1. Where the centre of each part is set by its Cα atoms, how far does the range 43-78 sit from the range 473-515, in angstrom?
2. Under unit Cβ charges (Lys, Arg +1; Asp, Glu -1), what dipole magnitude, rounded to 20 debye, does the chain have relative to its Cα centre?
3. Could you give each residue of the range 399-412 its phi-based ³J(HN,Hα) in whole Hz, using Karplus coefficients 6.51, -1.76, 1.60 with θ = phi - 60°, and x for Gly or Pro?
4. With Kirkwood's inverse mean 1/r over C-alpha pairs for Rh, give me the Rg to Rh ratio of the range 329-371, two decimals please.
5. Determine which aspartates and glutamates satisfy two conditions relative to Lys341: a Cα distance under 14 Å, and not lying fewer than 8 residues away in the same chain.
6. Mind jotting down the three principal axis lengths of the range 448-507 based on Cα atoms? Whole angstrom, largest first.
7. Roughly how many percent of the accessible protein surface of the chain is carbon and sulfur, given a 1.4 Å probe and a whole-percent answer?
8. In terms of Cα to Cα distance under 23 Å, which lysines are near enough to Lys14, apart from those fewer than 8 places away along the same chain?
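The values are calculated or read from the model by the stated rules, or taken from the named source; none is laboratory data. The model shown is predicted, which means the values in this text are computed figures rather than measured ones. Note that we place each Cβ from the backbone using ideal geometry, even for glycine, and neighbour counts take in every protein chain shown. Each accessible area value is taken on the protein alone, full model and side chains, heavy atoms only, with ligands, DNA and RNA left out. Shrake-Rupley method; radii C 1.70, N 1.55, O 1.52, S 1.80 Å.
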Amino acid sequence: MAENYLFDGLLGDKLGSSQNRNALFATLPGDGRRFTYGDVEDVSGRFANVLLGLGVRPGDRVAVQVPKSIEAIMLYLAVVRAGAVFLPLNTGYTPAEIEYFLGNATPRIFVCDPGKRADYEALTESLGIGLETMGVWQDHETSAGSIPDAGLAAPTAFDTVARAEDDLAAILYTSGTTGRSKGAMLTHANLLSNAQTLVDVWHFTSDDVLLHALPIFHTHGLFVATNVILSAGASLIFLPGFSAEAIVANISDATCLMGVPTFYTRLLDEPAFNRDLVRHMRLFVSGSAPLLAETHVQFEGRTGHRILERYGMTETNMNTSNPYDGERRAGTVGFPLPGVKLRIADAETGKPLPQGEIGIIEVKGPNVFAGYWEMPEKTKEEFRDDGFFITGDVGVVDADGYVQIVGRSKDLIISGGYNIYPKELELLLDEEDGVLESAVIGVPHADFGEGVVAVVVPKPGARLDEAAILENIKPRIARFKQPRRVIVVDELPRNTMGKVQKNLLRDVYKTLLES
Ligand code: MCA
Ligand code: AMP
């Protein structure tokens, strides 16, 4: 039989025998359903048949902006089985943002929430993109959208399309410093190699049960959490999203949790989250944003567990991890993963720096993406001639080999694990009536780590109003990117070269979002 590198690599050995097919893949506390590995094969098979019927062919992009559901995971696998390219989109994006992604990626179909269909009819029609829907299939009786409805009538058997290691499995958009998002092209081998490495280094087995509370439109919840579980033949407790109460209610049946730092600070605010509750747990993983050393220490004090912090990027999957056995060092992201080469280089020359010096983190390995979708120039800019990818993170390797991230050379805000590129917001704000110019910064935020503040300068004679600006940009940009405050000033601080000194602004407003 023809091989599909990712699907067969993740699941090939789990679907043969009836014993394996009966193994549990997911429980859904919300509606009491259970999903076995046999269901994974059958439902992804049905959806793959539906995709085929909709004209999806190998290499086609399938763009998806749907609420978190186990069916959405099946759709991801169906797209991979059909040889197509999965393109997940943040559920918070507005139609104005979606328009760019659809125009750039030209998918064969766009799958949205049934409740949002009307918002996209005109757009998809004008772009010649098929429009389908998929929601949460609560009771399996009422319709959950066109894909699951058609899936009910489709055969479970599907002849999985052969794909090789370098074929694309997914495109994930990541914002850019120019304000335009870039589609990171991830191959079958990128995703499979990283999942297998993580299973090994984090000691996953089929006995594991991962409490899944992350969104599934990003690398962390989709690939790290889900692919690792599939690869290990383990199972998920699949929550619709994060809430401290839901974690407390379900953690006794789990062995591990993966989250962004906000998960851990919120859990520490929950008195019921204590040592007794999590005594049985095997592993807590944190990533996507810096975990404060203080959180690491408090967490250990409360639970007796040391959080395992790792470091990744959409373009690279996971690069480094603290050790499973051995010291998990607070404030560091551990060692390069097996097979990943990591070096610290001079930002300007690209020359590797001696150990102990601070520079740009560069990585190379089977985890590193194939480039940005239809942006060969951008791709070229972000790689060195010898194939190392320039992450834009600033770091240092200590004497014991632990990698520490000390900053970012890219102008990026990470809020609750979501990335926000100031440029995108500045371009929007500059279009506002009466705005001469703007600067968007990240300042400390107790819950989200960093929160967004916009500093705007009025045109001569214009009067600017914070509430009106916030109201105007609301329909144009996802809620998580919207500034928490807009501050009006007479002018922005600049250096002698005329460049806005954001560090000065960050200093002035550092306590603005503290309460
Ligand atoms: C929600 N809001 C946010 C965020 N999340 N605002 C800024 N930043 C956020 N992250 C908005 C809501 O829309 C709401 O707006 C208000 O803030 C309060 O929301 P709340 O109910 O408190 O939020 P929540 O729904 O509980 O969500 C918080 C969350 C969530 C659970 C931390 O943001 C989350 O799941 N983050 C994980 C992101 C993630 O998976 N990142 C991985 C990227 P209003 O005031 O209007 O009601 S992958 C990656 O980075 C790399 C590869 C890696 O290394 O992993
Ligand atoms: P994304 O573009 O969403 O994939 O975000 C990737 C960025 O998140 C990286 O380039 C880092 O800046 C940041 N990041 C991920 N994990 C960590 C971590 N453990 N500590 C600090 N920053 C992190």
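1. 40
2. The dipole of the chain has a size of about 360 debye.
3. With coefficients 6.51, -1.76 and 1.60, one gets 4, 8, x, 6, 8, 10, 8, 10, x, 9, 7, 8, 7, 9 Hz.
4. With Rg and the Kirkwood Rh in hand, the quotient comes to 1.00.
5. The reachable aspartates and glutamates, counting only those whose Cα sits under 14 Å from Lys341, are Glu362, Asp386.
6. The Cα atoms of the range 448-507 stretch 37, 35, 16 Å along their principal axes.
7. Numbers: 10440 of 20860 Å².
Carbon-and-sulfur percentage of accessible area, whole number: 50.
8. List returned: none.
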